[in-house]
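Step one of this worksheet: look at the structure below.
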Amino acid sequence: MCLAVPGKVMEIEERDGTRMATVDFGGVVKEVCLEYVPDLAVGEYVIVHVGFALQRLDEESARRTLALFEELGLLQEEFGDPWEAAAGRDEPQAQEARQ
């Protein structure tokens with residue numbers, strides 16, 4: 001599932017003519033393109049979808065949303081290691097087959 005996830009802008013730099021940011025999504029840090037929100041500043045919150053910042057968001061809304069996503073396990077699903085997730089899903093089936 002691909003979610004639009006809120007995150008906090010930690011650092012901004014220009015890379016090959018493109019504004020990029022380091023964004024913290026509740027402990028998971030990713031690089032994000034800021035071309036759709038060019039006036040974003042360090043410390044602000046933004047909604048990110050597939051690596052692109054789409055919209056500025058207030059801190060309270062961002063924190064509430066991140067807490068809800070964490071509670072539902074959606075942050076791990078969105079940002080977790082896909083190989084680890086696949087291995088974890090296969091584990092119960094493998095155990096059943098051995099019995």
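In this structure, the amide hydrogen of Y36, modeled 1.01 Å from its nitrogen in the peptide plane, lies closer than 5 angstrom to those of A53, counting only residues at least 5 positions away or on a different chain.
Using 0.36 nm per residue and subtracting the Cα-Cα separation, the extra length available between E31 and R64 on full extension is 9.7 nm.
If I compute solvent accessible area with a 1.4 Å probe over the protein chains, what percent of it on the range 18-79 is carbon and sulfur? Accessible surface attributable to carbon and sulfur in the range 18-79 totals 53 percent.
The values are calculated or read from the model by the stated rules, or taken from the named source; none is laboratory data. Keep in mind that this is a model prediction, so the values were computed, not measured. Accessible surface is based on the protein model in full, side chains and every heavy atom, while ligands, DNA and RNA are left aside. Shrake-Rupley method; radii C 1.70, N 1.55, O 1.52, S 1.80 Å.
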